[in-house]
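Trainee: Sharing a structure here in structure tokens format.
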Amino acid sequence: MTTMTTPLLTTTTRAELKLSTEWPNSTVVRIRASGDIDASNSAEMLDYVLRRGANCRSLILDLSDVTFFGTAGFSALQTIDVRSSRASVSWMLVAGPAVSRVLSICDPQRELPRAVA
């Protein structure tokens with residue numbers, strides 16, 4: 001009798017990116033993201049932030065619930081920084097552990113505006 005064993009397949013599930021917008025008043029927008037931000041969806045996140053924050057004077061980008069943050073997400077943050085500066089929009093980043101890890105490597109001089117933890 002021959003027995004065959006099949007190796008266990010491991011699957012990795014990624015947390016879906018979820019974005020939401022809140023306007024505490026007419027000039028301040030708070031955009032929250034949760035899940036994973038990587039090369040597959042960083043452009044979607046960037047587009048969402050730029051469109052939803054188009055008419056604000058202050059932007060709060062809350063990434064505290066992001067579970068994975070790739071370098072493509074960092075590139076998107078740099079674009080948000082440049083575009084906000086050009087439009088005279090003040091903005092602040094609220095970073096969770098996944099985002100803070102990448103920022104500690106990619107932005108050691110803390111040039112991106114971050115909320116104090």
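Where a number appears in this text, it was derived from the coordinates with a stated rule and is not lab data. Small disclaimer: the values here were computed from a predicted structure and weren't measured. Cβ: placed from backbone, ideal geometry, glycine included. Neighbour counts: every protein chain shown.
Trainee: How many of the residues making up region 13-26 are β-branched (V, I, T) and either within 9 Å of the chain's Cα centre (by Cα) or surrounded by 13 or more Cβ atoms within 10 Å (Cβ to Cβ) (or both)?
Mentor: Step one: list which residues in region 13-26 are β-branched (V, I, T), which gives 13, 21.
Next cut, either within 9 Å of the chain's Cα centre (by Cα) or surrounded by 13 or more Cβ atoms within 10 Å (Cβ to Cβ) (or both) only: 21.
Residues meeting the conditions: 1.
Trainee: Test L63 against the stated conditions and say whether it is part of a helix (DSSP H, G or I) and crowded, with 16+ Cβ neighbours inside 10 Å. Lay out the reasoning, then the answer.
Mentor: On the way: part of a helix (DSSP H, G or I): no; crowded, with 16+ Cβ neighbours inside 10 Å: yes.
It is false that L63 is part of a helix (DSSP H, G or I) and crowded, with 16+ Cβ neighbours inside 10 Å.
Trainee: Follow-up question, since we're still on this one. Please count how many residues of region 65-94 are within 16 Å of the chain's Cα centre (by Cα) and of a type in the set (S, T, N, Q).
Mentor: 6
Trainee: Could you run through region 79-97 and say how many residues are more than 12 Å from A115 (Cβ to Cβ) and not β-branched (V, I, T)? Please lay out each step first, then the result.
Mentor: Our first condition is that a residue be more than 12 Å from A115 (Cβ to Cβ); within region 79-97, this holds for 79-90, 97.
Now drop any that are not not β-branched (V, I, T), which leaves 81, 83-88, 90, 97.
The qualifying residues number 9.
Trainee: Further question: Restricting region 28-49 to residues that are in contact with a helix residue (DSSP H, G or I) (Cβ under 9 Å, 6 or more places away or on another chain) and part of a strand (DSSP E or B), which is surrounded by the fewest Cβ atoms within 10 Å (Cβ to Cβ)?
Mentor: D36
Trainee: Another question, if that's okay. Inside region 66-84, can you point out the residues that are assigned to a strand (DSSP E or B) and surrounded by fewer than 17 Cβ atoms within 10 Å (Cβ to Cβ)? So that I can check it myself, show each step before the final result.
Mentor: Quick first cut of region 66-84, residues assigned to a strand (DSSP E or B) only: 66-69.
Residues satisfying the conditions are T67, F68.
Trainee: Let me ask something else. Of all residues in region 57-78, how many are over 16 Å from D47 (Cα atoms) and among the aliphatic types (A, V, I, L, M)? Steps first, please.
Mentor: Filtering region 57-78 for residues over 16 Å from D47 (Cα atoms) gives 57-58, 64-71.
Checking the rest, the ones that are also among the aliphatic types (A, V, I, L, M) come to 66.
Residues meeting the conditions: 1.
Trainee: Could you check how many residues of region 85-100 are part of a helix (DSSP H, G or I) and either within 17 Å of A39 (Cα to Cα) or small (G, A, S) (or both)? Explain how you work it out, then say what you get.
Mentor: Step one: filter region 85-100 for residues part of a helix (DSSP H, G or I), giving 85-86, 97-100.
Restricting the remaining residues to those that are either within 17 Å of A39 (Cα to Cα) or small (G, A, S) (or both) gives 85, 98-100.
Of the residues in that region, 4 qualify.
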